[in-house]
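The values are calculated or read from the model by the stated rules, or taken from the named source; none is laboratory data. Just so you know, these numbers come straight off a predicted model, no measurement behind them. Here Cβ is always computed from backbone atoms with ideal geometry, including for glycine, and neighbour counts include all displayed protein chains.
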Amino acid sequence: MSAQKDCEFLVSRARELVSDDPCAAIAWLITGRTLYPADFNIQYEMYIIERNAERTDSAGRLLYDMFLKFPDQPTVWREISVITAALRSDTQDKHAQFLRGLFETLTGRVQREMLLKATEQCFNTLEKAEMLLLLLKRFPESVVQHGVNLGETLLDAEVSENVESPVNCFRKLFVCDVLPLVINNMDMRLPTSLMQKYMLKAAEFYIGYVTRGPSPDVQIQGSQEPGSIKSPSMSRGSQRYVIDGLSEKSSVVAEPWEKLLDILTVVGARCEWQGDKGQRCYVDMLLRVRELCRYLPGLEGETRARCCSQVVICAALVLFRSAFLYVSAIQPTLFQGVNVLSSGPWILVEDLSSVYNDIEVERASVKHAHKKRKLADGRDKTMSSDDEEGLGKGRQILVNKTDMLSWAETLDSFRTARESWDLLHSHDALENEFKKICASWKTDSWLWFRIFITDMIIYQGQYRKALSSLHQMASVQPQPGQQSPSGQASLEHHRALIQQASCHYALGEYRMACEKLLDVVSGLVPPNYEPSKVAEDQGRIKGKIRKNNDLRLLPCTSKAVLPFCLQLMLACFKLRAFTDSRDDLSLGHVVVLLQYDWPHGETLFLKAVEKICQQGSFQYENFFNYVTNIDMLEEFAYLRTPEGGRIQLELLPNQGMLIKHHTVTRGITKGVKEDFRLAMERQVSRCGENLLSVLHRFCINEKIIIIQSLP
Amino acid sequence: MRRFFHQDRDDATRQLIFSTLFNVDVKDQQAETRRRSLFGKLVSLSLVLDRTAVSECAATWLQGMDREFHLQLGQVLLDDYVPGLVSVLQNIRRASRRFCCQFITVVAARYDLSSEELTPPLELVHMFVSWIRDDPGLVLLTLRSTPLSSSQPISTLHVTPLEGLMCWCVKAPLVYRSTAGDGENEGNTDLLFSALHLSCLEIIQLLPNILAEKGVLGHVPLIQLGSMAALTSDLSKLLQRAENVASPDCGLSLERLAQGLQLARVCRVLLCCREELRAVCRRLPHNTLLQLVMTGPVMKDSGVDNTDSEAAGLTEGGVDPPLPPAGEEQVVSEGEPSVPGIADL
């Protein structure tokens, strides 16, 4: 018998026995090993038996023996790589846990040797990095030698592998695993520039991670029909997110903002930044750097540069975080993993709740506002936000507090973000630094940030700029009907249109405002009209004196958008209807629109009646189509009576659907009188109709006339 | 007496009282017998009553007693509790690891499977296997606490149960087969003794380190060639009685013997050369593994003494680091002729 045959015999006997009597099999192999200690197969067979029986201690010992005695055996390496893979993975299955346990039975020295050698055998960058990371985590003393190199390898890999997003497997590993090891290792001397570079890499990753969009493979249910704009939060919980190249579990980053703050704290301490060491919250951080900013002009050289970096990095992080918090509240569907209890989205628009106010008061203030807006827009190019005045300062943002539970936090975030932005633009040096960060992160392509910026400039009253920003946004976001079939896009599209309408209105461009808004309204399904509730809501606001330049966060729902549209149209026509010159069409529209929220607009309605009385006649052929308010019908019926002043009312349409409003006045015949009476009677029976349906029909059917009749 | 020993006293005091009671220097044969009998009864009683203190004292004290007495005590315990009350003996393990080790040693020496009376009840084997699998170091406690020197007469050593247990494992396939007989139990019995056998091999692998620590590795034959010769002689008689020498049971016996001999020799607790081994086994029928063990491995490079490579195999694949110093390994080849690689003899 040859040695080879002996060994084969021993192994084959063990294999025969192992299933029925594993102890006997092992006895054979133990004996075999003493006979042929240099034979690999005997030992491997022993290892396999122990491994399959999941006996960590003996399997670990045998593996180590093989690792030492047969370092060139591919089988050993395959085995070691299976184990290291289990160490890297996060699977909780029994076998992986066993393999991890097996590795733990080895002594530190052996683990280290094994990992280093295994790393050498790795050719895949990610795998190699993960392997080295295992080493660094277990043996902190190796961080000095390998830490920075590993970090740079990972950052290089992003470039060489053409990874687009900062949220990628290499960056994740760098930011979440390598960086904390490196910056917390006090044995290492790291140049400030490198620390800052790493800090920004980490920030870019965490911000990118937090603001990541929903996964494309998980469709958001509902909202298919454009009319029902509702919260698509239902499928949120089940959404999964996987960073390419990583497992689902290792793709999860817990408490990203806190982690980022941790890194910032360490980096700050190591870069000798000013202020106390433990920066435990973002808001405090803003206060601190704002304070620091005061000394900036007096500083020079390196101190100034260090101070600049600190201010810019801190303020930028506060900005992005607060802007994210704001946007995640007003448009939660943009992000994955944002826990939305509130409905969304919300739109920052001009507050029109004062539209029912008396026209005289209004006119004066509107004119004043417009003048200011023009001024502001004229300075758009040169104006940085800190020298805004009037409109931009102290504007109130109204919100229905029962609809948005976290309204206070949301508005706080918006304010903090604006303040950070202002701080970053308070010195050229800061602005330049900040712009560099923005350029390298390509923040221009961040839709969510664009949303914040737009709202911010709307707040500042720079409507022209806001409009161009909104147009720009349309180029960043998916077009309706394309890409996203989830209804997300149309929702998004609506949002932008409504905001554009609001800006046009603020600029006095009423035709544009109505055009945009009527586009949205035509796609809505009218909700049921609940007069009592609305009246109550308005009643509450009525008590306060509203400035004309307040803003409102409007929920992007049919229920809220349709009334807003009606109010905006009312606001547009109100000014025209009550001019000295006669404009029956506008006055008619006003009457129709005043039905909503009745009797809130009673004062205005009486003013309109007064004007009709003055004119002695009134022609509005759509009257019976859209006026169903019993009080109004009564008033108009009264106007025709002798007591009412025998006002000549032409409220019945001619044969055609559309009649130019300057049609030749018809003679009043008995037949017409009879028609009017019948029409009135019929109209009274329509009082129970859903008012919003009537007004919605008005918006759709009269869209062209409405738009054409505005400047 | 039980209560007396149970009272709070420190170990040394207890030990002293125990010695005073039993360590009477008596020339009187009758008194001696009575003393021994009393001692046996006390230990036996302490088991039922689960008195740790008494068992501990007894264990220490037993160490100083001769083999004769160990056997007597074992017999007392066995008479009292086997086969009917084996479960009482479970208390031995709980009472004292050291005494437990003694007990296993006594029992292993007592039963040699030569007759039905001397065949341990399976319940007892089960108990031993579970003890030893849970705690392989258990059976080495006596060895660890016994001072050894190469000059000490080997015949007085009865410090491990290995010889006895090996004997059980080797004979079991033939003995239990002829006594028990029903199919399902056979398989279980095989597995039971396989486990015991593997434990023995694993324990043998622990021995070189212990002996090296004591500086007697290669000098103290914990497993004696004489015992092995007796075993092979018994085995050959058993095999002669077997219907078919080529049956799996016979093969199993021979293979266990071969494995035990190989491990014991390589671990240098069986001090003999292959020539002597062949002599001991010459009356046994052919078995491939036994053949391989007697002739030794085929050498790839015939110039090298293969015993060295075996020793190296043991230490590298060995179970217990720290490894014995390299110098010690050289001793193994002393007196052993180099066995050239011979193909099938």
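Selection over region B:85-128 of residues that are in a helix (DSSP H, G or I) and buried (at least 21 other Cβ atoms within 10 Å of the Cβ) gives a count of 15.
Against the definition (more than 9 Å from chain B (Cβ to nearest Cβ) and either surrounded by 19 or more Cβ atoms within 10 Å (Cβ to Cβ) or not in a helix (DSSP H, G or I) (or both)), how does A:A24 come out, yes or no? Judged against the criteria, A:A24 is not a match.
Among the residues of region B:251-295, the ones that are part of a loop (DSSP other than H, G, I, E, B) and either surrounded by 24 or more Cβ atoms within 10 Å (Cβ to Cβ) or within 14 Å of chain A (Cβ to nearest Cβ) (or both) come to 6 in all. Entry remark, region A:3-35: residues being of a type outside the set (K, R) and under 14 Å from A:M66 (Cβ atoms) number 1 in total. Given the structure, is A:S581 outside any helix (DSSP H, G or I), within 19 Å of A:E650 (Cβ to Cβ) and among the polar types (S, T, N, Q)? Yes: the conditions hold for A:S581. For region A:51-75, filtering for residues that are more than 7 Å from every other protein chain (Cβ to nearest Cβ) and in contact (Cβ under 8 Å) with a residue 24 or more places away in the chain leaves 16. From the list B:S155, B:S145, B:S130, the one residue that fits, being among the polar types (S, T, N, Q) and modelled with pLDDT of 90 or more, is B:S130.
Exactly one residue out of A:L606, A:L562, A:L551, A:L566 is free of Cβ contacts under 8 Å to residues at least 60 places away in the same chain and out of contact with any Gly (no Cβ under 9 Å at 6 or more places or on another chain): that is A:L606.
For every residue, the table says whether it meets (1) more than 27 Å from A:E302 (Cα to Cα); (2) touching a residue at least 24 places away in the same chain (Cβ under 8 Å); (3) of a type in the set (F, W, Y); (4) in contact with a strand residue (DSSP E or B) (Cβ under 6 Å, 6 or more places away or on another chain).
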| position | (1), (2), (3), (4) |
| --- | --- |
| A:M114 | yes, yes, no, no |
| A:Q145 | yes, no, no, no |
| A:E158 | yes, no, no, no |
| A:K172 | yes, yes, no, no |
| A:M195 | no, yes, no, no |
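Within region B:277-286, does at least one residue satisfy the condition of being over 18 Å from the mean Cα position of the chain (by Cα) and among the β-branched types (V, I, T)? Checking region B:277-286: at least one residue is over 18 Å from the mean Cα position of the chain (by Cα) and among the β-branched types (V, I, T). Restricting the search to helices (runs of 4 or more DSSP H) fully inside region A:667-709 and requiring at least 2 residues that are out of contact with any Leu (no Cβ under 8 Å at 6 or more places or on another chain), at pLDDT 85 or above and surrounded by 13 or more Cβ atoms within 10 Å (Cβ to Cβ) gives A:691-701. Checked across region A:281-299, the condition of being surrounded by fewer than 21 Cβ atoms within 10 Å (Cβ to Cβ), among the acidic types (D, E) and assigned to a loop (DSSP other than H, G, I, E, B) holds for no residue. Being more than 11 Å from chain B (Cβ to nearest Cβ) and either β-branched (V, I, T) or in contact with a Phe, Trp or Tyr (Cβ under 9 Å, 6 or more places away or on another chain) (or both) is the filter here; which residues of region A:27-44 pass it? Listed by number, the residues that qualify are A:F40, A:Y44.
Candidates are the residues of region A:10-21 that are assigned to a helix (DSSP H, G or I) and either at the interface with chain B (Cβ under 7 Å from one of its Cβ atoms) or β-branched (V, I, T) (or both); the one that is surrounded by the fewest Cβ atoms within 10 Å (Cβ to Cβ) is A:V18.
Taken residue by residue, region A:66-73 has no member that is at positive phi and assigned to a loop (DSSP other than H, G, I, E, B).
Scanning region A:433-468 for residues that are assigned to a helix (DSSP H, G or I) and among the charged types (D, E, K, R) returns A:E433, A:K435, A:K436, A:D444, A:R450, A:D455, A:R464, A:K465. Within region A:241-274, the set of residues being surrounded by fewer than 17 Cβ atoms within 10 Å (Cβ to Cβ) and either over 30 Å from A:L126 (Cβ atoms) or in contact with a Leu (Cβ under 6 Å, 6 or more places away or on another chain) (or both) comprises A:A269, A:E272, A:Q274.
Quick grid of which residues meet (1) touching a strand residue (DSSP E or B) at 6+ places or on another chain (Cβ under 7 Å); (2) aromatic (F, W, Y); (3) at pLDDT 90 or above; (4) over 30 Å from B:T189 (Cβ atoms):
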{"residue": "A:C23", "(1), (2), (3), (4)": "no, no, yes, no"}
{"residue": "A:M46", "(1), (2), (3), (4)": "no, no, yes, no"}
{"residue": "A:G60", "(1), (2), (3), (4)": "no, no, no, yes"}
{"residue": "A:F98", "(1), (2), (3), (4)": "no, yes, no, yes"}
{"residue": "A:L102", "(1), (2), (3), (4)": "no, no, no, yes"}
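Condition check for B:L206 on (1) of a type outside the set (D, E, K, R); (2) under 26 Å from B:P121 (Cα atoms); (3) within 14 Å of another protein chain (Cβ to nearest Cβ): one failure, at (2).
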